[in-house]
Each structure stands twice: as C-alpha cells, then as structure tokens.
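Some notes on the structure that comes next.
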Amino acid sequence: MTEAAAPRTPGTPCWVSLIVHGMSTTQDFYADLFGWEFVPGPDQLGPYVRALIDGKVVAGIGQLPPDRHLPVAWTTYLATDDADLTAETIRSCGGTVAVGPLDAGEAGRLAIASDPGGAVFGVWQAAAHVGTALAGAPGTPVWNELVTRETATVCKFYQTVFGYEAEAVVSADFDYQTLHLEGRPVASLHGVGHALPRDRGPHWMTYFEVSDTDEAARRVVELGGYILQPPREGSGGRVATVADPEGAAFTIVRSAAR
C-alpha cells in the first residue's frame, strides 16, 4: 500500500470519476462494496463527492443533470502539466474535446476528451488535488486499460499526445500493447475487434483492487449490480468484470502479488 502526494508524470492515469443519475444510491453501492467514505468535492459541473479509504482520496462520483440521459461509465483521467496545450494536441491528432479545459475550483484544471476511436478519457492538470492518493489497498484503482477495436492506430494517438513508449505482445491472435512512461508500465491497450461490446464501444476500463475476487463479484450482485465476465485467472491476478446498478462497468482484481 502506497500513498501519492506529488503531481504525476504527464500521461500517468491519476484519477477515476463516475457521473451518475442516482448519486446517493451509487454512493451506498460503492460504500458497501469497497468500504468507501465520502466528502464533498468541487461542484463546478454539479454535485460531486470524493471517495476516501483511510482518509485518502481514491475516486470521485458526480451527479448528472436530470435532463441528461447519458451512458454511465467510469472515466480515466490522464495527468498533464498543461490541460490547454494537451487539449490542442488532442484535437490536432484526430481526437475530440467535449468539455473544457476548465477550472475545478482550486483542485486543478480538467478536460474531457475522446480518442479517434471514440473512447472517452479525462485530462487532469493538478493544483491542490493531484489525484488518487492511495494505491495497493482493496478498493483503490490499480490499473487502467483501453478496450478498443484495434490498437495500432489509437496507440499512435496516445503516444503523440502523452509521449508513451509502447510494448506490443507479438501474437497473431492477441492485440495488446502496454504503455510505458520513464520505463514504467502505466496502462494498456487491448484490441478486441468484433468482440467489442456494442452498447459501450471503445472505452477505458478501470481495475479496482479487492482482497477476494469471487467474494467481491458475489457482493456486486447482492448490492444490485451484475456480472459481465465471471471471475477468471488473468495475467495480473484473478479478475472479474462487473457493473454497478446504473450499468457502469469496471473490473475487480486480486493482484497476483497479494
């Protein structure tokens, strides 16, 4: 278990946030599943809370306006030193900037964008809030993966915008690349072709650490969520892909190192 207090290297996944229709019921779901507690956060985009574990912020949950009927999904935020410059680069590389850049109070500056394949992600320029402050403990984000049709084209986009180095798996039937910064793996790209869910399209997937994947999956169902892919052994540990009661998908993993 580690704590993080300094701004991240640009390109590093630094925060995850969820904007929902039923904020109080969503808080109850994640409080029961992960043990999260909540405190108010910046409300420039509407009601918003930050989730805590042991007093350390790990994620955010916000409220959609009543008239906005948008798909509910976890958003991965990538760190930047200059949100405005990054937004310009995103546009010039074939991406789209849908929100911002704009200030989130004293916390920092953000933008919401999508890559050329349509996957939504956030950009975060830290000020008072540097992002997730705890790693490795159950209930904390442990990994972020882009699930897309094919990785070659979209990988070039992320490399140009954020300066990643990419390491591809050499395989005729497995399209997977790991993104590195300063020699350290920070995220991955997974091309799944026609297996891409039609109801979600290309999307960033957040992995949350749990102490027992099978038990956590059962608990998701008990709390009103559902299982998208049942528990199985993965390269990094035992994983399951699930969704909360509003349909936001995420992956739970008991890391092999635990």
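The values are calculated or read from the model by the stated rules, or taken from the named source; none is laboratory data. Note that this is a predicted model, so its numbers are computed, not measured. Reconstructed Cβ throughout: ideal geometry from the backbone, glycine too, with neighbour counts over all protein chains shown. Accessible surface areas use protein heavy atoms only, side chains included; no ligands, DNA or RNA. Shrake-Rupley method; radii C 1.70, N 1.55, O 1.52, S 1.80 Å.
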Query raised in the report: With point charges of +1 on the Cβ of Lys and Arg and -1 on the Cβ of Asp and Glu, referenced to the Cα centre of the chain, which listed residue (Val154, Gly41, Gly122) lies farthest in the positive direction of the dipole?
Result: Val154
Query - Net length gained if the chain between Ala168 and Asp28 were fully extended (0.36 nm per residue, minus Cα distance) - result: 46.5 nm
Requested in this report: Might you tell me the accessible area per residue for the chain, computed with a 1.4 Å probe and given in Å²?
Outcome: 47
Query raised in the report: Once phi is turned into θ = phi - 60°, what whole-Hz ³J(HN,Hα) does the Karplus curve with 6.51, -1.76 and 1.60 give for every residue of region 223-233, x standing for Gly and Pro?
Result: 8, x, x, 8, 9, 8, 9, x, x, 7, 7
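Taking every DSSP beta bridge with both residues inside the chain, roughly what % is antiparallel (nearest 5)?
Numbers: 60 of 75 bridges.
Taking every DSSP beta bridge within the chain, about 80 percent pair in antiparallel fashion.
Just order 67-76, 120-129 by mean Cβ neighbour count inside 10 Å, highest at the front, would you? Write down the numbers at each step before the final one.
Values: 67-76: 15.2, 120-129: 20.9.
Output ranking for 67-76, 120-129: 120-129, 67-76.
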**Report entry** Lys/Arg +1, Asp/Glu -1 at C-beta; the chain dipole; positive extreme among Ile19, Phe29, Leu196
**Finding:** Leu196
Query raised in the report: Given H placed on each backbone N at 1.01 Å, which residues far from Asp175 in sequence or on other chains put an amide H within less than 5 Å of it?
Result: Gly191
Query raised in the report: Around Leu64, which amide H atoms from residues at least 5 apart in sequence, or from another chain, sit under 5 Å from its own amide H, with H modelled in the peptide plane?
Result: Val20, His21
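Hey, what did the chain get for relative contact order, percent, Cα under 8 Å, at least 6 apart?
Numbers: 611 pairs, mean separation 47.7, N = 258.
Here the relative contact order equals 18 percent.
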Report task. In whole Hz, with x marking every Gly and Pro, tabulate ³J(HN,Hα) for region 39-52 from phi via Karplus 6.51 cos²θ - 1.76 cosθ + 1.60, θ = phi - 60°. Result -> 9, x, x, x, 10, 4, 9, x, x, 8, 10, 9, 8, 10
Query raised in the report: Taking the Cα centre of the chain as the origin, how large is its charge dipole in debye, to the nearest 20, when only Lys and Arg (+1) and Asp and Glu (-1) carry charge on their Cβ atoms?
Result: 260
Query raised in the report: Going through the DSSP H helices of the chain, which span 15 Å or more along their own axis at the Cα atoms while scoring at least -0.5 as a mean Kyte-Doolittle hydropathy?
Result: 23-34, 151-162
Requested in this report: Can you grab the distance from the C-alpha centre of region 131-152 to the C-alpha centre of region 197-249, Å, no decimals?
Outcome: 13
Report task. Describe numerically, in nm with one decimal, the distance between label points set 7 Å from Cα along Cα→Cβ at Ala128 and at Asp43. Result -> 1.5
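Contour minus end-to-end for Ser211 and Asp82, with contour as 0.36 nm per residue of separation and end-to-end as the Cα-Cα distance?
Separation in residues times 0.36 nm, less the Cα-Cα distance, equals 42.8 nm.
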